[in-house]
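Where a number appears in this text, it was derived from the coordinates with a stated rule and is not lab data. What you see is a predicted model; the values in this text were computed from it and never measured. Using ideal geometry, Cβ is built from the backbone for each residue, glycine included, and neighbour counts are taken over all protein chains shown.
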Amino acid sequence: MKITIIFPGREVEMGKANMPVMPLAPTLLAALTPAEHEVKLIDMFYGDVPDYDADCDLVAITVRTPLAVIAYDIADRFCARGKTVVLGGPHTYALPQEAKQHAAAVAIGEAEELWPLILNDVQSGSLKDFYVCGQYKLDTLKGRVHHQFNRPDLANLPMMRRDLLPRDRYLMDSIFTTRGCPNFCRFCPVTPIFGPQIRHRPIDEVIAEVDTLRRNYFNVDDSVFGHPQIADRPEENQYYFDLYRELARMQPKRLWSGAGGLSAINYKDGRKIVELAAESGLCSIAAGLESLSAAGQKQSGAWRKLHFTSPDTFEIRQMKENIRIIQDLGIEIMGFFVIGWDEDTPDMYQRTRDFCDEMKIIPFILTLMPMPGSPIYDEYLEQGRILTEYSWDAYGGDAVVFKHPSMDPQEMYNLNIQVLHDGFSLGRILSRTWYTVKNRPSLGVALNSFFTQLGIRRAFRQQFEKI
Ligand code: SF4
């Protein structure tokens, strides 16, 4: 069969300039496609345009909530031309019946074992309506369902098909080493989608793949430092010790980035994991800090990943100490904060930006976005707090889409823009870059820091112009 795999995108999207990273989902899907098929990848994020009249038998489209309207439009156009369309991705996990209106079949959950089966069923003319991987409320699905309860083993995965995208278009390659997250943050759909158990890829397979990557890459794992809940399991920590020791031995040595929690610093083995990660080339992490208030930590559920024994034990002092330890190892921190928890007040935007200034962390300060698939979306929907006048387009950050007990949505939106505008002034970017270089004197690190921040600034400013 001729198969087209589409990763939808739009012209202005925050992640675009911020994350010039090759997308993993389409390259993985292509890798899982048996060699007898011909595969074409379209990454609309970086300018590819779907050819609706192309000769193809099957179209697979990733649906993420902010791009769901675009994805559905693409799907409808292909369906109108008689093509078989299959949709998958985080949004289809949350709203499969909505997705089914635009496709012959919908995939829910991880693709490794579902995708080859879907291809077989397309060829044999026996395509089902839904293909589900993992625990799921099957009674919410109307139609023929294939259900695979067990999540895929991550050993023996084929090499991602990075060769199907123009590599020079991206600053970084991407890779993953684990899946699953035990944290259950209430604003995040990752634990429901990938499950609370951590699954690892074999280290020799990761190393073989890293060997094919360029000098800069991004690890898309939820936490490259492991997870505090399982820190008492020596084999879990040993995985990271072994992986980072192997990475540190590689030549040429690569710089890499990823997402990681501060919690690792709170326990002995975790601190060692962070040190080894730094030695292996880790130069920056996106850290979900989420809130400066105990009430925000409690409502978000994020206190677990910061390794506080309960939300009431949250202390800014400890957060600061952990940040400094990581920075002193030469790892730059991009701090992700969510504002809009019920007890937040307007001054929280400014306080959070001041905190980022003091700690020299890159201020990713965003108003709460209740994403479908997350517990908080279901809760707010039930409470009538989701503002239904918005389409999924607004879920990329273009509006505040829920009712806050005391703040007006427009006020929150304006405050958010102001702190981001100020937080990415050239003076602040240079000051943070200088701080990073003092901790890790390296031209590569300096350039990485400066140009990543410039990219974020450009992306945010593109969004401001839309007001
Ligand atoms: S926000 Fe991060 S730590 Fe929390 S559930 Fe999602 S992936 Fe896990």
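Mind checking the dipole of the chain: about its Cα centre, +1 per Lys or Arg Cβ, -1 per Asp or Glu Cβ, Debye to the nearest 20? Can you show the working numbers first?
Values: 51 positive and 60 negative charges, 182 e Å.
So the magnitude is around 880 debye.
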- Message: For the pair Ile207/Asp312, report the inter-label distance in nm, with labels modelled 7 Å from Cα in the Cβ direction.
- Response: 4.8
- Item | Rough spin-label spacing in nm, given labels placed 7 Å along Cα→Cβ, for Glu411 and Asn156 | 6.0
- Note on the structure: Cβ-Cβ cut-off under 11 Å around Tyr244, Lys and Arg +1, Asp and Glu -1: the net charge is -1
- Query: Taking 0.36 nm per residue of separation and subtracting the Cα-Cα distance, what length does fully extending Asp422 through Asp242 add?
  - Reply: 60.6 nm
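Could you list Met412, Met22 in order of exposure, starting from the residue whose Cβ has the fewest other Cβ atoms within 10 Å? Kindly include the intermediate steps, with their values, before the conclusion.
Numbers: Met412 22, Met22 26.
Arranged by neighbour count, lowest to highest, Met412, Met22 become Met412, Met22.
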- Task: May I ask you to compute the full-extension gain from Glu358 to Arg249, defined as 0.36 nm times their residue separation minus their alpha-carbon distance, rounded to one decimal in nm?
- Result: 35.7 nm
- Task: Once every Cα of the chain carries one equal point scatterer and solvent is ignored, give the base-10 log of I(q)/I(0) from the Debye formula at q = 0.07, 0.10, 0.13 Å⁻¹, two decimals.
- Result: -0.35, -0.75, -1.34
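From the Cα gyration tensor of region 32-165, with a ≥ b ≥ c the square roots of its eigenvalues, which class applies: rounded if a/c is under 1.5, or else prolate if a/b is larger than b/c, or else oblate?
Numbers: a/c = 1.41, a/b = 1.13, b/c = 1.24.
It is rounded, given that a/c, with a ≥ b ≥ c, falls under 1.5.
So, counting K/R as plus one and D/E as minus one, what does the shell of residues with Cβ under 12 Å around Asp73 add up to?
Working: positive: Arg10, Arg77; negative: Asp76, Asp393.
My count for the surroundings of Asp73 gives 0.
Note down the Stokes-Einstein diffusion coefficient of region 216-310 in µm²/s, whole number, using a Kirkwood radius over alpha carbon pairs, 37 °C, and 0.692 mPa s.
Values: Rh = 13.8 Å.
My calculation gives 238 µm²/s for D.
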- Message: Using Cβ counts within 10 Å as a stand-in for footprinting exposure, how do Trp115, Trp392 rank, fewest first?
- Response: Trp392, Trp115
- Task: Pull out the extension gain between Glu235 and Asp393, defined as 0.36 nm times the separation in residues minus the alpha carbon to alpha carbon distance; nm, one decimal.
- Result: 52.6 nm
- Message: Contact order normalised by length for the chain, with contacts defined as Cα pairs under 8 Å and 6 or more residues apart; what percent is it?
- Response: 14
- Set Lys137/Lys298; Lys320/Lys360; Lys298/Lys403; Lys40/Lys142; Lys320/Lys438 screened for pairs whose C-alpha atoms are more than 21 Å apart: Lys137/Lys298; Lys40/Lys142
- Query: Lone cysteines in the chain, going by a 4.7 Å Cβ-Cβ cut-off?
  - Reply: Cys56, Cys79, Cys133, Cys181, Cys283, Cys356
- Where both partners of a DSSP beta bridge lie in region 171-464, what percent of those bridges are antiparallel, to the nearest 5? 10
